[in-house]
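Q: One structure, pasted below without further comment.
Derivation of every value follows stated rules applied to the coordinates shown; laboratory data play no part. Just so you know, these numbers come straight off a predicted model, no measurement behind them. Positions of Cβ are backbone-derived with ideal geometry, glycine not excepted, and every protein chain shown enters the neighbour counts.
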Amino acid sequence: MPSLTPERDGAEAPGGRSDAGATWLVSLLTLASRLLGFVRLVILVQLFGQFRWASDALIFAFRIPNLFRNLLGEGALSASFIPVFVRTRLRQGDASAARLGSETLTALGCLGGLLATGGAGIALAARGLAGGDAQSDLALRLTALFFPFMPLVCLAALLGGMLQSLRRFALPAAVSIILNLGFLAGFAHVYWIQCGGDLNRLDAVSSTQAIAVFVLAAGAVEVLLQWPALAAAGIRLGPVLSFGHAGLKSVAGAFLPAALGLGLVQVNAFCDSLIAGWLSLSDPGAVTYLEIGFRFMHLPLGVFGAAIAAVSFPALAASAALGEREEFLGRLVRALRMSLFLILPASVFLVAMADPIIRLACQRPDLAFGHAAVYRASLVLILYSGGLAFYSCRQILVRAYYAAGDYSYPVKVSAAMVGLNLALNLALIHCPDLYRLWNQSYFRHWNLSPADFPGGIRLGEAGLALSTLLTAAVDAAVLALGLRKRLLGGLSGRFLSGEFSRLLHTALRLTVASAALGVMAWLYRNSIPYDPRLPLLLERAAVPGLLAAGTFYIIGVVLPLPEMAEFIPILRRRKK
């Protein structure tokens, strides 16, 4: 199978051993960001423990500009820009690529500024329609404050896309840490400056507004850090007033279908937030519980799934630009195998260990985050985690279509998924929680009563997580089924069957190893009695994790799992 040489893409062959090294680098930096994100979430839950409506408002308000950030910056624009940038640099050199980057940045800055101004104005105008409700008024006020964050982080994401195209993955992954540092700095300001170390003096409105200001400052820092790194790599950028580069027209032409494809996914997430916000009006905490499950689920997805997608996308785009179909399929299958190897065991572990993990992160002896809250957040985490493999594979499959220049099929699939997700949302939130009906002994053990669940016996926010799982499974399956017809025409059946048999081989062996990991974690976790003291909460979550990791390693060596040699240096040296 042919491969790109260093002279052709400026780095060691992406399909080679460097992919694993780049994936580990991005994963470790993303892990640092995600861990800080967990610290941020735990502090948020504890800081606003007596003002759960305020934490709901803050989380909800940040998701609105986040929708546009994902659409314009980290989603559609990156998907449409990176293949064109890679192609321009391969064929026309760094100077032309720098010109394309400058024109795209200028256009994005103008568009983002207009959207931010209009969005903030609409949010402020809508305050008059809130009917005097404190939570709705605060959510709209914070939304207006957060909107300027959107163009800043979009520019940062585009700069990061250029660095990734140059196979410089460290800095784009590291800047995601800055957002969490901005939140943490805001929390410190609220606790030490505004409250003087006494949470009884906490003012929910002024505190959340101060946090929003620190987040805006973090967005500006993300932009300022990456600009010099591109200049050092030979891509000198600056504002331009003319937009004549042919590549910009290609980016603009691909942007709308990419926006529809990836943007509709963001619409799904936003609809979930709206419905959770509606649920929280009668059942406070629904948004917070959904956010807790979402954040824990995104730890492996962001650390491993997004890292593999980011590392593989420029390589897929280069293979597509050079017309190397066999190389393209080989890279795609290898990325899917790597993703399953890292994501599937993490998914099973989160399902088995949801309760101890939530208790460790959010519960303390004073039980400000009570047993009912633990149950609801754990159920959301279990349902989200069940779909991790589908989410991760979808990220890679969509980028494969975009790398090959096919934007129409992901758009059609995503449009169908929006309708499916919304229908499932509206149906499943009202479905009964069968586990709560079946296992009454669990609730008697924790002294829980129907009064602890204001929303009744319905799934509520857990129904939103279940809807996301089912939609992701259908989405990934439909995208995979379309590969042969749309991207892989002309390849021999023998080559196709060989690559897909490798993928199936990996999936089956990983299922066995992951199931053993989950059983080991679940059995040991249940052998340790609950104790609210922090060291014992830590033992109940960490020790099963170590045993599960050891179980997975042993079974992976015995089966064996070839992917282990890619990621564990000792095994790679033994294999040599």
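Q: Report the convex hull volume per residue for region 176-325, counting only C-alpha atoms, in Å³. Numbers along the way, then the final one.
A: Values: hull volume 30.5 nm³, N = 150.
Convex hull of Cα atoms, per residue: 203 Å³.
Q: Here's something else I'd like to know. Once amide H atoms are built 1.01 Å from N in the peptide plane, which residues 5 or more positions from ARG458, or in another chain, come under 5 Å H to H?
A: Residues meeting the amide H criterion: ASP433.
Q: Dividing the convex hull volume of the alpha carbon atoms of region 401-520 by its residue count, what do you get in Å³ per residue?
A: Dividing the Cα hull volume of region 401-520 by its residue count gives 151 Å³.
Q: When only C-alpha pairs under 8 Å and at least 6 residues apart count, what is the relative contact order of the chain, in percent? The partial results should precede the final answer.
A: Details: 799 pairs, mean separation 106.7, N = 576.
Answer for the chain is 19 percent.
Q: Normalise the Cα radius of gyration of region 454-576 by 2.2 N^0.38 Å (N = residues in it) and let me know the number.
A: Working: Rg = 20.7 Å, N = 123, 2.2 N^0.38 = 13.7 Å.
This ratio for region 454-576 stands at 1.51.
Q: Right, something else. Give me D for the chain in µm² s⁻¹, whole number, from Stokes-Einstein with Rh from the Kirkwood sum over alpha-carbon pairs, 4 °C and 1.567 mPa s.
A: Reported coefficient: 52 µm²/s.
Q: Test of understanding: what is the full-extension gain from ILE528 to LEU181, defined as 0.36 nm times their sequence separation minus their Cα-Cα distance? Could you put the intermediate results ahead of the total?
A: Working: separation 347, 0.36 × 347 = 124.92 nm, distance 3.49 nm.
Between ILE528 and LEU181, full extension yields 121.4 nm more.
Q: From the alpha carbon gyration tensor of region 186-232, can you work out the equivalent ellipsoid semi-axes (sqrt of 5 times each eigenvalue) and give them in Å, largest to smallest? Walk me through the numbers before you get to the answer.
A: Numbers: eigenvalues 208, 19, 4 Å².
After diagonalising the Cα gyration tensor, the semi-axes are 32, 10, 4 Å.
Q: Could I ask something else about it? At 7 Å along the Cα-to-beta-carbon direction for both GLU539 and HIS445, put a label point, then send me their distance in nm to one decimal.
A: My value for the distance between the label points is 1.8 nm.
Q: Please state, rounded to one decimal and in Å, the Kirkwood hydrodynamic radius that region 476-522 gives when every pair of distinct Cα atoms enters the mean of 1/r.
A: After inverting the pairwise mean of 1/r, the radius is 12.8 Å.
Q: If neighbour count is taken as other Cβ atoms inside 10 Å, put CYS154, CYS362 in order from fewest to most.
A: Exposure proxy ranking, most exposed first: CYS362, CYS154.
Q: Okay, next question. Give me the Kirkwood hydrodynamic radius of region 288-329, using the inverse of the mean 1/r over all pairs of distinct Cα atoms, in Å to one decimal.
A: Hydrodynamic radius (Kirkwood, Cα only) of region 288-329 equals 12.1 Å.
Q: Please give the Cα centre distance for region 413-479 versus region 133-167, rounded to the nearest Å.
A: 29 Å
Q: Right, here's the next one. Expressed as a whole percent, how much of the Cα-Cα distance distribution for region 244-347 exceeds 17 Å?
A: Every Cα pair in region 244-347 considered, those over 17 Å come to 71 percent.
Q: With label points built 7 Å along Cα→Cβ from the Cα atoms of LEU322 and SER408, find their separation and express it in nm.
A: 2.9 nm
Q: What distance in nm separates the simple spin-label points at TRP278 and ARG502, each placed 7 Å from Cα in the Cβ direction?
A: 4.7 nm
Q: Now a separate question. On the principal axes of its Cα set, how long, how wide and how thick is region 49-196? Give whole Å, largest value first.
A: 58, 33, 20
Q: Now a separate question. At what distance in angstrom do the alpha carbon centres of region 202-238 and region 272-305 lie from each other?
A: 25 Å
Q: Calculate how large, on average over all directions, the projected area of the Cα convex hull of region 296-400 is; give the answer in nm² to one decimal. Could you put the intermediate results ahead of the total?
A: On the way: hull surface 26.5 nm².
Averaged projected area of region 296-400's Cα convex hull equals 6.6 nm².
Q: At R0 = 45 Å, how high is the FRET efficiency between VAL558 and ARG91 if r is their beta carbon distance? Nearest 0.05 is fine.
A: 0.40
Q: How long are the three semi-axes of the equivalent ellipsoid for region 134-235, computed from the Cα gyration tensor as the root of 5 times each eigenvalue, in whole Å, largest first?
A: 33, 15, 8
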